[in-house]
Each structure stands twice: as C-alpha cells, then as structure tokens.
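Report on the following structure.
Derivation of every value follows stated rules applied to the coordinates shown; laboratory data play no part. The structure presented is a predicted model; accordingly, all values stated were derived computationally and were not measured. Heads up, the Cβs are rebuilt from the backbone with ideal geometry, glycines too, and the neighbour counts pull from every protein chain shown.
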C-alpha cells in the first residue's frame, strides 16, 4: 500500500512504516523507553531524509509517552516538581539543539554528528545496561550476592548551590542538576529525534539518586514535553515534520506500546533489560560500521 | 478577407516546405501528486511533418527523434565524503548554480550515434553533456569529478536517465516514447523537448511544458507546513497526544 509523504517528497509503503512503529512501540511498552533511538535510524535506512526522520520521530515519541504518563500519574509515579525542572531544562536544550542543528547542517556534518553521538551514547549506555543486567541475572540465580547499593546522589550534585526539597522523590538537591540534565536531553532530542529516556533513566537513578518508583514516570513526563517542544521547533525552523509519516508511525507504536506493556508485566525485568541492552548495542554497532566502512554514496546533494 | 485569413492559417505549413517540422504532444500537461502517487508515466508522441506532406522514401535516410524531459533547475551543493581519522565525513564540496532536478532522455538510436559532441553540448543531449554551471571556481579535473558524482547519484536515484532506442518511429512520421517520472521528483515546471535529427544536425525542435504539483491534501499539508508552521506544529503535537491518549483509553476498556 503505497502512500505519498507530502513533506518527505517520496512515496513509501504505509504498511512497512506502521510495522516499524509497531515494533518500536512494542519495545517502548516493554522497556519504558520512547524508542526514538530506533525509529530515526530505521527511517533513514528506509530512505527518508535524515532531517524529516528526526523531526517526525520526535512526534511519534510524544504519542508513545502520553499513555505511559497517564498511567504513572494515576499511581502517583510522577514527581511533577522534578519533571517541571527537567522540562524547563529540556525546552532550553531544544532551542540550543535547533541552533546546533542549523550550524551543523550548514557545515554538512549533521549526519556524521548524529552517527557519532548515536555510537557514543548507545554504546556506553548499552554496555552499562548489559553489565548491570548480567549481574542482576547472576544474583537472581543465586550465583552472586547483591551488594546493597546506598541510594545517594553523585558528589558533584551535592556540591551545587541552592537546594530544593523534591518531596515526591525524597530528595534535597540543587535544581541545577536536573535542569542541566534536562538541558542535555533537550539537545539530544533535537539532534537525534530521541526522547532521551535511555539516558535520563540511568542518570536520574545514579546521578540524582532518585527512587525507582518515580524515575520512569518522571522521565516519561520530561520526554513527553521535550519531544512536543522539539516537534514545534522542527515545525518552525527546519519545517521537516511530516504529519503523514508521524501518523503512520503513531498508528503502529500506540498499539505496540500497549501490547509491550502487557508482555512486560509477565516477563522478568532483568531479562528484559538484557534484551534491551543487546538491541541498543546492536544499533550502536550498526552505526559504527556505517561510520567506518566506505559508504555506498560518496557524494550527497542538498538543495541550496 | 476570408482568403487572407485562410492563407495566414496555412502559412506555417507552406513555410515548412524547406525543413521537416515537429508536432509534439505529451499525454499529460499536468501531473498531480496525490496520496497514491508512486510516479507517473509520460507518453510523448507526435508527428513529423515532411515538406510536401510525404513520408521519406524507402531509400532515403530516415530522421531520428530525441525527447528530453527536464525538471526545474535548482541550485545544489554537492558534498564529497572522505575518510578522516577513521570515519567517513563530508570533506570537499562544490556548489552548482543551476542543475536540473530531473533529466530523462529517450532517443530512437543511442545519442552518441546521432550527433557530435559539440551539438550535444549545445542542446544538452545526454547525461555527459549537461550544463551544470558551477558557482565555485575549481580545477577542471575536480569539477569533472564532482559532475560525475552528481550525475551518478542522480542516476541511481532514477532522477537522471538515458533511454536509448526508447523512441519508436512508425512509418517515418509518427513517433512515441514512454518515460517514467519517479515519485521523488520535485514539484514545479517541467519541459518536454523534442528534437528531430538527421545527418548529425538538429532539423527541428519543439518544447512543451508539463506542470507537476501536489494536489488536494498533499498540497494542503505542504503549504501549511511552509506558511502556517506554528499551527502545523501544534496540530502535529495535538495529533500525537490524541493518538497516545486514545490508544491508552481504548485499551483500558477491553
């Protein structure tokens, strides 16, 4: 079923895009990540121009995180105060991200930067997650003893001035720490079209020292707003948001997200994390190959 | 008076005595891009009017027909990747002031057999004879390298192609050719040029415009994204919210 995308200026097989959204949604429901880190590269691989892919993937992540945010709000799993600070940082970050995007695009290096960022981020996060989940699996099998982790934030966070009380998270830290975290995630959202959940969640756990009961909900809350802002910024600056593409992706991903959430309720979390780690590392390895191997196309043409 | 008018009408035919003339047409003057657009097939056809209204005799050398469909020209920046510190990055670049966004040439015989290099350069016949006016000064061999890169890339995207022997000539007077236009073409004013060639000389040439534009919903989306970008962004965000929320709400019911 071929469908013409009015902004990307090409026709795609609608079923392929819906299936892609379904697969990504399945993962996002299972792991609580937005799935943007998979959507953007897969769309580019399918032949969608990188800018359109990043811009439209952002709006797909918005849709994928909405139902999650509502679910977490109902069981009070969102620290709205923390989320507000993160979103404020995220909005600033996406403005800076848009500016960086423009400069890099003019220099012709945007694709390389996207590739390098993907390899670094996914490689390191995937590696950490892989190690952590293997450790957890060993513990669950009784092969190792779990070290009681003292829930403390990073010393650098403690050094920041003016502390606030974040009651829902049980933290007394400077709002500058989540503001900066939100800021960097905002830049990434703009550049890569990712929600940033896969960076936010570990950072909130290990750097801010938030409790697990509010981490996922608050991260989804930040993702929801930052991707919505990123969509707006893309719509007004790069004008690359393809609403038809976004709707196709959404159609698949919202269904996939619900299926994934049901499946995740039955699976064991450490195995799920291991699976996610393997997926993340595979994407990173694929991107690395793309950077290092002689590309199919040496030349690229942009309309000036 | 009536007689004078009649003569005026006949004038082109009478004047065509010296050289053959072309009466070209295309199957579609307007191509509308709608949701189901996967490309279009253009039929370029027409007649060759020989002086005196007779077809060339069997012994006479037949004329050849070449048709060229060109997309609107655009100014492009071509970048060349090279390996820097282990990864492939865009290094060198070249700017062209006007390169055709689409170029397809069909002919009754391979174009190299019909005309010499000079004529091909004048009429831009063939992918190696395009006038790609570069905006930045560069050494000829560098420019040739970028020209080849651009043409090769466009060719593999099927935006540039040559179709030798795709023009059929029936009885020496009627010709037709089918050219496909892929879905990736930009919108704008295209031209279909037809050339009549004999003995390495262009005897007649004619141009017909073809308009390619988005229609209906596609047109609406493209213009709103361009002109009403804030509203467009809000709608995109709203749709995403609605989808996410709707799916969650629906799912809880079952």
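Laid out as a table, the results:
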| read-out | value |
| --- | --- |
| Hydrodynamic radius of the stretch A:60-211 per Kirkwood, over alpha carbon pairs, in Å | 17.3 |
| Shielding by partners, peptide B:26-32 (average Cβ within 10 angstrom, other chains) | 0 |
| Radius of gyration, Dmax [chain A; alpha carbons; angstrom] | 19.1, 62 |
| Cβ-derived FRET efficiency at R0 56 Å, residue A:144 paired with residue B:180, nearest 0.05 | 0.30 |
| Relative contact order [Cα under 8 Å, 6+ residues apart], chain B, whole percent | 27 |
| Packing-based ranking, highest mean first, of A:60-68, A:185-193, A:86-94 given that Cβ atoms within 10 Å are counted | A:60-68, A:185-193, A:86-94 |
| Averaged over A:57-66, number of beta-carbon atoms from partner chains that fall within 10 Å | 5 |
| C-alpha long axis of helix A:110-140 to longest principal axis of chain A, angle in ° | 40 |
| Averaged over A:11-18, number of beta-carbon atoms from partner chains that fall within 10 Å | 2 |
| Part-to-part distance (alpha-carbon centres) for the stretch B:28-98 and the stretch B:186-235, which is given in Å | 13 |
| Pair residue B:135, residue B:54: separation of 7 Å Cα→Cβ label points (nm) | 5.6 |
| With Cα atoms, 0 to 90° folded angle of helix B:2-15 axis to chain B main axis | 80 |
| Distance cut-off 19 Å, percentage of C-alpha pairs in the stretch A:55-104 lying past it | 43 |
| Cα shape, the stretch B:143-216, gyration tensor, a/c 1.5 rule | oblate |
| Added length on full extension, which subtracts the Cα-Cα distance from 0.36 nm per residue, residue A:282 to residue A:134 | 51.6 nm |
| Chain A - mean residue ellipticity at 222 nm from DSSP helices (-39,500 (n - 2.57) per run, n ≥ 4, rounded to 500) | -24000 deg cm²/dmol |
| With eigenvalues of the C-alpha gyration tensor scaled by 5 and rooted, the protein assembly as shown, Å | 59, 24, 20 |
| Centroid-to-centroid separation of the stretch A:226-264 and the stretch A:1-30 [C-alpha atoms, Å] | 10 |
| Anisotropy class of the stretch B:48-175 from Cα gyration tensor, a/c 1.5 cut | prolate |
| Helix axis angle, A:212-236 relative to chain A longest principal axis, alpha carbon, degrees | 30 |
| Tensor-based shape of chain B (alpha-carbon gyration tensor, a/c under 1.5 rounded, otherwise prolate or oblate) | oblate |
| Protection proxy ranking of A:160-170, B:131-141, A:194-204, A:2-12 - average other beta-carbon atoms within 10 Å, highest first | A:194-204, A:2-12, A:160-170, B:131-141 |
